[in-house]
Amino acid sequence: MNVVVGITGGIAAYKAVSVVRALVLAGHEVNVVATPNALKFVGRPTLEAISHRPVHSDLYEGVTEVRHVFIGQAADLIVVAPATANTIAKLAAGLADDLLGNTILASTAPLVIAPAMHTEMWENPATQANIAALRERGVVIVGPDSGQLTGADVGPGRMAEPEAIVAAALRAVAERSDLVGKRILVTAGGTREPIDPVRFIGNRSSGKQGLAIAKAAAARGAEVTLIAANLEVAVPASLTVVRVSSTEELAAATTEAAPEADAIIMAAAVADYRPEKVSAAKIKKDDAESLTLRLVRTPDILSSLSERRTAGQVVIGFAAETEPDDAKRLELGRTKIARKGCDYLVLNRVGATEGFATDRNTVVVINAAGDIVSEASGTKQSVADKILDLLLTPWSDS
Ligand code: CTP
């Protein structure tokens, strides 16, 4: 595994040598990215001898190989030990004013940080808010331990022991690789039903939640096919994407890909009706005061995928409801899952200001019996991971 060990400027940097050594002895390729301040605490030759590789520190070295993004893109795991209060604040804000900041921003690998600082700095509300923000984004925080600090003082702030940091880091990777070997089909976005060559009936789905699921599944090792209906967000080049627009195209693409999938996640917002006739030319208003469009039902893709699902295949549907009352919304979900026949239904409340195009989401997941099996609230990325966790239970039994 390609591990980046980020070292920042705190006295505990001397213990980072043991973190590097343990990872090297465990057979990993370790690339040290040290901030200039870290190198005031621990020598470059020490780190290079222990890691058997050059230590990177300067943002403006290796520019021809675009090192500031390459190191992060190639990493399977990033461990920052020690992480100073300053570095933690920069990570929380997404700053990239040094090589380590750039490396972390350019990476989708699990990030494990080991804070080290004086107790007052650790307990400061600013640091605590930064830690909470990082944790919500899925960053693993190891420690700090409580004990003797650099001065005469004793308290929480000591960097966790190197063995504990390495163990937590390797665990984070193992947990993130829990979908290796699984093929997951995800639909995202919203379908558009053409009226004439310039108009369509669409919906407000941006595709953010579906894309977050596809990205999270790929990051956890799954082989992902994303069927994207008019996404308003960019799709990383690493994902296999089939672009569609109408419900008919979405139905054809999902039906074709479904038999190969271990799980199908229907996050796309699908039009229930389409214009019966699509005008070949732009519809003119002429003198008409009103216009009637006759709409006909589209096929229910989720119901037919559920009906035709293969042995062991897990099918997850979504239900966006405007009903504000939680209990009533749950009842709507129960009726819907019975009608759709899928294994799980992810229920979320939508409205003028909720659900669509935002970066956060709140969902409740029910199973075929109508019981609540999971609840998640937070970034669409963290909600995506919670939804993917549903897949682990049936597969661990099989
Ligand atoms: N869905 C589908 N095909 C359709 C309509 C919806 O596959 N023609 C899927 C969606 O992708 C979603 C689930 O069914 O996973 C529920 O979609 P939703 O729009 O909430 O439900 P509807 O079937 O449209 O039910 P209703 O209109 O009664 O809310």
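Counting the residues of the stretch 224-252 that are away from the ligand (no atom under 12 Å from the Cβ) and either over 15 Å from the mean Cα position of the chain (by Cα) or over 19 Å from R309 (Cα atoms) (or both) gives 20. In the stretch 185-216, which residue that is surrounded by fewer than 24 Cβ atoms within 10 Å (Cβ to Cβ) and of a type in the set (V, I, T) is farthest from M1 (Cα to Cα)? Ranking the candidates gives I195 first.
Residue-level analysis places G341 outside the set of residues that are within 12 Å of the ligand (Cβ to nearest atom) and buried (at least 18 other Cβ atoms within 10 Å of the Cβ).
For the stretch 295-347, what are the residues that are small (G, A, S) and within 20 Å of A376 (Cβ to Cβ)? Full working, then the answer.
We begin by selecting, within the stretch 295-347, every residue small (G, A, S); these are 303-304, 306, 311-312, 317, 319-320, 327, 333, 338, 341.
If the condition is that a residue be small (G, A, S) and within 20 Å of A376 (Cβ to Cβ), then G317, A319, A320, A327, G333 are the ones that fit.
In the list A281, A311, which residue meets the criterion of being touching a residue at least 60 places away in the same chain (Cβ under 8 Å) and more than 10 Å from the ligand (Cβ to nearest atom)? On inspection, the qualifying residue turns out to be A281.
Take the conditions (1) more than 16 Å from the ligand (Cβ to nearest atom); (2) part of a helix (DSSP H, G or I); (3) free of Cβ contacts under 8 Å to residues at least 40 places away in the same chain; (4) not small (G, A, S); P259 misses just one of them, which is (3). Without any contact (Cβ under 8 Å) to a residue 60 or more places away in the chain and assigned to a helix (DSSP H, G or I) - does that describe any residue in the stretch 181-199? No, the stretch 181-199 contains no residue that is without any contact (Cβ under 8 Å) to a residue 60 or more places away in the chain and assigned to a helix (DSSP H, G or I). The residues of the stretch 204-230 that are at pLDDT 95 or above and within 14 Å of S246 (Cα to Cα), listed by number, are I227, A228, A229, N230.
Exactly one residue out of R297, R274 is within 15 Å of the ligand (Cβ to nearest atom), surrounded by fewer than 21 Cβ atoms within 10 Å (Cβ to Cβ) and modelled with pLDDT of 95 or more, and it is R297.
Yes/no matrix, rows are residues, columns are (1) in contact with a helix residue (DSSP H, G or I) (Cβ under 7 Å, 6 or more places away or on another chain); (2) without any contact (Cβ under 8 Å) to a residue 40 or more places away in the chain; (3) not in a loop (DSSP other than H, G, I, E, B):
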site: N203; (1), (2), (3): no, no, no
site: G210; (1), (2), (3): no, no, yes
site: V224; (1), (2), (3): yes, no, yes
site: L231; (1), (2), (3): yes, no, no
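Look through the stretch 301-336, keep the residues that are polar (S, T, N, Q) and farther than 20 Å from V373 by Cβ, and return whichever of them is surrounded by the fewest Cβ atoms within 10 Å (Cβ to Cβ). Of everything passing the filter in the stretch 301-336, T310 is surrounded by the fewest Cβ atoms within 10 Å (Cβ to Cβ).
Taking the stretch 118-149 as the range and being in contact (Cβ under 8 Å) with a residue 24 or more places away in the chain, assigned to a helix (DSSP H, G or I) and not acidic (D, E) as the test, the residues that pass are T119, M121, W122, A126, T127, A129, N130, I131, A133, L134.
Scan the stretch 262-271 for residues that are more than 14 Å from the ligand (Cβ to nearest atom) and crowded, with 22+ Cβ neighbours inside 10 Å and jot them down. Within the stretch 262-271, none qualify. The lone criterion from (1) buried (at least 21 other Cβ atoms within 10 Å of the Cβ); (2) modelled with pLDDT of 95 or more; (3) of a type outside the set (F, W, Y) left unmet by G72 is number (2).
Looking for something part of a loop (DSSP other than H, G, I, E, B), closer than 23 Å to I264 by Cβ and free of Cβ contacts under 8 Å to residues at least 60 places away in the same chain - is there at least one such residue anywhere in the stretch 324-340? If you could, list the steps in order and put the result at the bottom.
Taking the stretch 324-340 as the starting set, the residues that turn out to be part of a loop (DSSP other than H, G, I, E, B) are 324-325.
From what is left, the residues that are closer than 23 Å to I264 by Cβ are none.
No.
Taking the stretch 11-41 as the range and being of a type outside the set (D, E, K, R), more than 25 Å from V173 (Cα to Cα) and surrounded by fewer than 21 Cβ atoms within 10 Å (Cβ to Cβ) as the test, the residues that pass are I11, P36, N37, L39, F41.
The values are calculated or read from the model by the stated rules, or taken from the named source; none is laboratory data. Source: prediction; values computed, not measured. Please note: Cβ atoms are built from the backbone with ideal geometry, for glycine as well, and neighbour counts cover all protein chains shown.
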